[in-house]
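Here's the structure we're looking at; comments come further down.
The values are calculated or read from the model by the stated rules, or taken from the named source; none is laboratory data. A quick note: this is a predicted structure, and the numbers were derived from the prediction, not measured. Using ideal geometry, Cβ is built from the backbone for each residue, glycine included, and neighbour counts are taken over all protein chains shown.
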C-alpha cells in the first residue's frame, strides 16, 4: 500500500508510510473491537442456549444482535469510580496496559500471506511474549484497587499465568521445530495443501500436544474453568471488582482480544493457518503469480479461513466455559505442573524422535518429506540465504570440530 | 510531542529536527545505555529496600545489554566501524538468562531475610556486626 | 504545530521514522529508569522498571536484534512480574510500604550519578567511528544463525574488520553451562524459598499477629511463591 501511495498518488515517502501504518493499526483495532462486540453477543446466546434460556431477544431485532452495542453505550455513560485508598495513577493506567498488550500481539499475527502488520522473524516468540504482558495490567489493577478481593484475584492470576507459560511455550515449540522457523507466515505456508499437511495431523504427538496447547491457552487467557482471577462466587469479581464504566470495558476487550489471539495462534500453528482443508485455489489453477487480482482474491479467502478457524476456537472456549465448573487454585497448579508440563515435554521429545525415525513420513504422499523441512532451515525468509547454501556444510564441519575441541577441554 | 517542541526554546528546534531526520548511530544507543547504567548504579546505592536494590541490578545489566546490542547491530554500523557481529547478540542473550537466574536467587534470599527480620530494609541486616 | 515549526527548519520529507521511533523508545526507557530511582513505592518502582525494560526491548527490535528483543520481553517481564508480586507481598503491611532515603543521601547519589554519567558519555563520544551515522543497508535479521551458533556452528557472515575466521567458534559450551546453571538456580531458589516448619514463632508472625486477615493473605501468596520462583527462573 505504501508503494501504491508513493508511486501512484505521489505522496512523499514518510507521509505514505505514516498513512499505511495508521490504516493497518485501525484495521487491527477494528478486528479487536468488532470481534469483542460479536463475541460478547455470541457468548450471551451460547450461555443462554446451554442453560436452556433464550438470551437477548429484543435489542436490535430478532436475535438481540445489537445487545453488545447497547451494553457499550451503557458503559460509556456510566460513572467512572475510583476507591478512596486506591493508587490513582496505576488504577487509571492498568486497563490500558492490558489492552495495549493484547493489541500489540496482533501486530505480528498474519491473517493471510501478505496480510500482516509487521512480519517478524521471531513471530511466534513475540506473540507469546507480548501476550504474557497482559497479566501486568491485571496485577496492577489488583494492587491499585486497594481491595482484598482484587489483590487475591491478581495474585492468583500472577501465579497461574507465569506457571502456564512453561507448558504453553513447550507446545508452541513443536510446530516451530517441524517448520524450522519461528516466522508465523512460514509456519502456515508449510502446511499448505490438503488437510493431512496440517501439523495437527503430522504425527500422534502433535495431535496430543494440540490439546495440551488448548488447555494452556484457555488457562493463560483466564477463561473458565481457569478464571480464578475473577471467580465471582468467591472474589466478587476478582481483579476488576472496583472498576466500572469504560475502564472495565477495556479489560473485557483485552480478554476477548486475547481469546481471539490464542485461537488464531492455534490455527496458525496446528490447523493450517489460512489454508483450507482442501487446496481449492491450487486445484482451480490459482496460485502465486497467476495475477494480482487472483492473488488478492485467494488471500482474501485465506483471511476468511483464518478468521473462521479462530472464531471456532473462541466458540470452543465459550462452550467449555459454560460446561465445566471452576477449578480450585491448587487444582489449577496441579493441572499445570503435574499434567500439562510433563505431557508437553514428553510430546515434544516424541515429536522430535518421530522426525528422526520417519523422516519421509509413515505413509508416503500423506506427510511432507522431511527433506523439504530441512531445506527450510537454509532457505527462505528467516533462514540463511539461498546463495549461501553451498558453503554451509563446510562452515558447519569446521564449527563442529572446533566445538568438539572446546568440549574436550572440560574434563 | 508537539507540546514538547512548543515548550522547548527555539534554539533547541534545530537539534530536535536534526535528531528526527538523521539516522541513528551507535553513539545514540551508547547514551541510552549510559543513562540506564547510571540510574541502576544510583538505584543500587540509594535504596534501602532490598527489592529496590534488585531493580537497580536489573537496570545495570540492561544498560550493558543495550551497549552489546548496539555494537553488534548491522543497522547502526557507520562507515568503517568495527562490529561485534553475532557475538554481541549472543552475549546479550546470556546476560538476560543470567539476570533471570540472579533475580530468582536474590528473591529467595530476600524472602528468607523477610522471614527472619520481618522487613526488607537492608540496613537491618547487621546480625554479624561485631 | 510540530510540523509547522519543523517545516521552517528542514524539509518535512526528511523525517526518518527509524530515528523518531528510536527517540520515543529511548525517552521512555531513560525516563522510566530515572523514575525507578525517584519512586518510593515498591510497586510503582516495579511498574517503571517494566516500562523501561519493555522500551529497551523496542530499542533491540529497532537495532535489528529481534530475537534478543523477544527474549527480553519474555524473560525480563516474567522475572519482573515475580519482583512485582514479591513487592506486593513483602510490603503489604503499613510500616513497610515506604523505606525512606534521607535527602542528604539523595543529593550525594545525584552528584555521584552525574559524575558517572559524564564519564560514560565522554567515553561514548570519544571514539570517532561510533559517532558516524549508520550507512549499512543489510539483509533481514535472522534467528537461525543465533540458534546455529548456540549449537556450536557459526553460519553467519564474518563481521567486517575481523580477519581470521579461525578464531570464530560457536557457543555450545557456554550454552550447556548456562543450562546447568539455570537448573541449579531453579533447585536452589526452590530450596531457599521453601516453606519451613518451625517450633518457635517467627518474627514475621509475631509482627503480624495483630492483623488477622493479612496473615492468611500472605500465607496464600507464599504457598504459590515457590512455584513463581521456578517459573521466573526458567
Restricted to segment A:117-131 and to residues being without any contact (Cβ under 8 Å) to a residue 40 or more places away in the chain and crowded, with 24+ Cβ neighbours inside 10 Å, the residue farthest from residue A:220 (Cα to Cα) is A:126
Those helices (runs of 4 or more DSSP H) completely within segment B:23-123 that have 1 or more residues that are at positive phi are none
Q. Is it the case that some residue within segment A:65-87 is within 14 Å of chain C (Cβ to nearest Cβ), at pLDDT below 80, closer than 30 Å to residue A:145 by Cα and out of contact with any helix residue (DSSP H, G or I) (no Cβ under 7 Å at 6 or more places or on another chain)?
A. yes
Q) If you check residue A:172 against the conditions, is it at pLDDT 85 or above, in the same structural domain as residue A:334 (by TED's automatic domain parsing) and in a helix (DSSP H, G or I)? A) yes
Those residues of segment A:125-163 which are more than 9 Å from every other protein chain (Cβ to nearest Cβ), at pLDDT 80 or above and over 21 Å from residue A:99 (Cβ atoms) amount to A:149
Restricted to segment B:99-116 and to residues being surrounded by fewer than 20 Cβ atoms within 10 Å (Cβ to Cβ) and in contact (Cβ under 8 Å) with a residue 24 or more places away in the chain, the residue nearest to residue C:174 (Cα to Cα) is B:102
Residue hits (segment C:58-78; within 18 Å of residue B:57 (Cβ to Cβ) and more than 9 Å from chain B (Cβ to nearest Cβ)) are C:77
Among the residues that make up segment A:190-208, is at least one of them in contact (Cβ under 8 Å) with a residue 40 or more places away in the chain, under 18 Å from residue A:336 (Cβ atoms) and surrounded by 23 or more Cβ atoms within 10 Å (Cβ to Cβ)?
no
